[in-house]
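What follows is one structure encoded as structure tokens, with my remarks underneath.
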Amino acid sequence: MLGVGLGSVLLYRSDHLTSKPYSLLNNGDAIPDASEGRKAVTAAEQYILRLDTLDTAKLQEYLDGINQLSTTKSETNSITAEQFEASLQGQKFQSKGLIVSSALRDQDIDSATVLVLHIRETVAAQGTEIRNLRAVLSMQRVNGTWLVDDIQSDAASQSGAAQ
């Protein structure tokens, strides 16, 4: 009888892994599924690619694409195309991005932090600028979908403008 009970507990625990694997009670923190981490990294990469791919002639399309991958907390959800256009002060350009590398820094059941190294190439009347950038994205899982909740970005290095 004891063997059946212990076997049942171990079978249950094998499908419900926690940070306390040798406890017969299910009182540890749940261990996140590795596939969810990959989904968070993929969503972060897509967000960065959308952020880097800008045509100033299509601002509303640009903002809509970014907002699809953002939580309501994200800054871009509160800006309109008109406000964004005003902030550009009449500048006309196009940019595109390339992901160099990405990694999952940490993860729990409904949040993750993703590091992304990327290159943004901007083409304007003044010439072409290529920037190497890094971003730290705080991701939240909302209704089963990974969304960007916050982003910290800075230039890792910058190359000179090419003509």
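Read the figures in this text as sums done on the coordinates, not as results from a lab. These numbers come from a predicted model, not from an experiment. Please note: Cβ atoms are built from the backbone with ideal geometry, for glycine as well, and neighbour counts cover all protein chains shown.
In this Cβ point-charge picture (+1 for Lys and Arg, -1 for Asp and Glu), region 92-163 has a dipole of about 340 debye about its Cα centre. Working note: Debye formula, equal point scatterers on the alpha-carbon atoms of region 92-163, no solvent; log10 I(q)/I(0) at q = 0.21 Å⁻¹ is -0.88. Find how many whole Å separate the alpha carbon centroid of region 132-153 from the alpha carbon centroid of region 33-79. Cα centroid of region 33-79 versus Cα centroid of region 132-153: 8 Å apart. For region 30-119, the list of trypsin sites (Lys or Arg not before Pro) that fall in a loop by DSSP and count at most 16 other C-beta atoms within 10 angstrom reads Lys58, Lys73, Lys92. The shape of region 38-136 can be summarised by an equivalent ellipsoid whose semi-axes, obtained from the alpha carbon gyration tensor, come to 26, 18, 9 Å from longest to shortest. The calculated FRET efficiency for the pair Val136 and Ala57, based on their C-beta separation and a Förster distance of 22 Å, comes to about 0.15.
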